[in-house]
Amino acid sequence: QVQLVESGGGLVQPGGSLRLSCAASGSIFSIYTMGWYRQAPGKQRDLVARFTTDGSTVYADSVKGRFTISRDNAKNKVYLQMNSLKPEDTAVYYCRLVAGTGDHWGQGTQVTVSL
């Protein structure tokens, strides 16, 4: 059974930074993609950033130049460095892993950007 555990969320002022972490555990094989999504209240869950199967990265237009996704393959971890945060970045952030075992999601971590 695959488990994803996110951490690093919290309350930050506009212009601040946060670093999210996601640790994957369990029987993981044939990873297709791993990345971050977010869902604001009353809105659908959208892509923030992810790795493609060839290792390249994809970002939502709204976070390009401010967010950076990275990973540690040896530890099955993925990170999201978020800089220059804006109030509109407020959402629950979810880690997603698509692998041979299926489509897996973490429980989410709240990010709130406010004065």
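Of the candidates Gly35, Gly8, Gly65, Gly55, the single residue that is surrounded by fewer than 13 Cβ atoms within 10 Å (Cβ to Cβ), at pLDDT 95 or above and not charged (D, E, K, R) is Gly65. Residue pairs whose Cβ atoms lie under 8 Å apart, sitting 6 or more positions apart in sequence or on different chains, and linking a residue in region 5-22 that is without any contact (Cβ under 8 Å) to a residue 60 or more places away in the chain to a partner that is loosely packed, with under 14 Cβ neighbours inside 10 Å, are Ser21/Ser7. Scanning region 72-85 for residues that are modelled with pLDDT of 95 or more and open to solvent by 50 Å² or more (accessible area, probe 1.4 Å) returns Gln81, Asn83, Ser84.
Go through the residues of region 87-102 one by one and say whether even a single one is among the polar types (S, T, N, Q) and touching a residue at least 60 places away in the same chain (Cβ under 8 Å). Checked against the condition, which is being among the polar types (S, T, N, Q) and touching a residue at least 60 places away in the same chain (Cβ under 8 Å), region 87-102 yields at least one hit.
Is it fair to say Ala23 is assigned to a helix (DSSP H, G or I) and either open to solvent by less than 70 Å² (accessible area, probe 1.4 Å) or at pLDDT below 95 (or both)? In short, no.
The values are calculated or read from the model by the stated rules, or taken from the named source; none is laboratory data. From a predicted model like this one, the values you see are computed outputs, not experimental measurements. When we count neighbours, we look across all protein chains shown, and the Cβ atoms used for this are built from the backbone with ideal geometry, even at glycine. Note: accessible area is taken over every heavy atom of the protein model, side chains too, but ligands, DNA and RNA are not part of it. Shrake-Rupley method; radii C 1.70, N 1.55, O 1.52, S 1.80 Å.
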